[in-house]
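Heads up: the structure comes next, in structure tokens.
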Amino acid sequence: MILGAAIGTAACAPRLTKLPSGTGTPAPDFAQVVVDATEACRRVQSLSAEIAVTGSISGDRARVRLVAGFAPAAGRIEAAAPFGAPLFIFVASGADGTLFFPRDDRVVEHGRPAELLEAVAGVPLAAADLLPTMTGCAMPEPLAGGQALGDNWRTAAGTGGAKIYLHRESASSPWQLVTVFKPGQGLQWSWRADYDDFHDGLPHVIRLVSADRDRFNIQLTLSQIEINPALGPEVFRVDVPRDAERITIDDLRRPGARPPAKTRSR
């Protein structure tokens, strides 16, 4: 993956949430627990943040700083370099996405956002999934009846290996959505999102791990967070020079796919 290859360095694998085992018992309060756990994230209509990424992508160790903004079904992610232009700029709105490499003057235009993001960072997130995933509000549907695993854990399963876990520290503590397993093929989940370090009901640490950890195993640490900033449609567009080379998503998927730097004609 391009992100890992571009900024490979030493980084520790994320530590995942230790989940309870057992089948549990029916939880009649499950629906209310979900409402309570997602109250804060449901109020977020847009978000901007700096995001420190550590871990590994496609077997390459990764460490990079992202500057990002998210709105319903839209997102912008820039991978900052130590100096000069960003490593890449990803923008998405609805089903349309663009991935621009300013240092190489190469671009993939009008691609599917999930495919572009997977190619550059490993994680396949559609535009509509960006904001919910970053705020802890993305849950697979449908989910079967909730189960209680003791007093302080609730869980529910869906199709394709989907599952969620909610937790509270004590009876007087707030419920939090701590782990979501995304559906995959058959009964096997595809990847999981773990949420931690909550402030005012929102996670500041997110761990994204694929079932095959060689795909991605990363931790996102959010800072400089702004809730509900005004993000107009221009934020989710990128100005691409006319002479930038147009490439395809298949070009990015080839081994060693990161485009070599080239000098623009002036």
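Annotations for the structure displayed:
- Filtering region 220-239 to residues that are of a type in the set (A, V, I, L, M) and not in a loop (DSSP other than H, G, I, E, B) leaves 220, 222, 225, 227, 235.
- Region 59-76: number of residues that are over 18 Å from residue 215 (Cβ atoms), out of contact with any Gly (no Cβ under 8 Å at 6 or more places or on another chain) and of a type outside the set (Lys, Arg): 5
- Residue check: residue 119 meets all listed conditions (1) crowded, with 16+ Cβ neighbours inside 10 Å; (2) among the aliphatic types (A, V, I, L, M); (3) in a strand (DSSP E or B) but one, namely (3).
- Within region 99-117, the set of residues being closer than 20 Å to residue 51 by Cα and touching a residue at least 24 places away in the same chain (Cβ under 8 Å) comprises 99, 100, 101, 113, 116, 117.
- Any chance residue 197 is exposed (fewer than 13 other Cβ atoms within 10 Å of the Cβ), at pLDDT 95 or above, outside any loop (DSSP other than H, G, I, E, B) and within 23 Å of the chain's Cα centre (by Cα): yes
- Restricting attention to region 88-107 and to residues that are buried (at least 23 other Cβ atoms within 10 Å of the Cβ) and touching a helix residue (DSSP H, G or I) at 6+ places or on another chain (Cβ under 8 Å), the residue that is farthest from residue 253 (Cα to Cα) turns out to be 92.
- Scan of region 168-194 for residues that are in contact (Cβ under 8 Å) with a residue 24 or more places away in the chain and either touching a Cys at 6+ places or on another chain (Cβ under 6 Å) or closer than 18 Å to residue 29 by Cα (or both), ordered by number: 174, 175, 176, 177, 178
- Single unsatisfied condition, residue 221 versus (1) surrounded by fewer than 21 Cβ atoms within 10 Å (Cβ to Cβ); (2) under 13 Å from residue 122 (Cα atoms): (2)
- All positions within region 36-45 that are under 12 Å from residue 139 (Cβ atoms) and part of a helix (DSSP H, G or I): 37, 41, 42
- Selected residue [modelled with pLDDT under 95, surrounded by 19 or more Cβ atoms within 10 Å (Cβ to Cβ) and not β-branched (Val, Ile, Thr)] from 192, 215: 215
- Odd one out for residue 71 among (1) in contact with a strand residue (DSSP E or B) (Cβ under 6 Å, 6 or more places away or on another chain); (2) buried (at least 21 other Cβ atoms within 10 Å of the Cβ); (3) at pLDDT 95 or above; (4) of a type in the set (A, V, I, L, M, F, W, C): (1)
- Test: residue in region 45-63 that is in contact with a strand residue (DSSP E or B) (Cβ under 7 Å, 6 or more places away or on another chain), surrounded by 21 or more Cβ atoms within 10 Å (Cβ to Cβ), among the hydrophobic types (A, V, I, L, M, F, W, C) and modelled with pLDDT under 95: yes
- Number of the condition not met by residue 104 [criteria: (1) under 24 Å from residue 194 (Cβ atoms); (2) in a loop (DSSP other than H, G, I, E, B)]: (1)
- Subset of region 19-35 [part of a helix (DSSP H, G or I) and not hydrophobic (A, V, I, L, M, F, W, C)]: 32
- Scanning region 185-194 for residues that are in a loop (DSSP other than H, G, I, E, B) and either within 25 Å of residue 224 (Cβ to Cβ) or of a type in the set (A, V, I, L, M) (or both) yields one hit, 187.
- Filtered residues of region 18-72 (kept if within 18 Å of the chain's Cα centre (by Cα) and among the aromatic types (Phe, Trp, Tyr)): 70
The values are calculated or read from the model by the stated rules, or taken from the named source; none is laboratory data. Here the structure is a predicted model, which is why all the values come from computation and not from measurement. All Cβ positions, glycine included, derive from the backbone under ideal geometry; neighbour counts span all protein chains shown.
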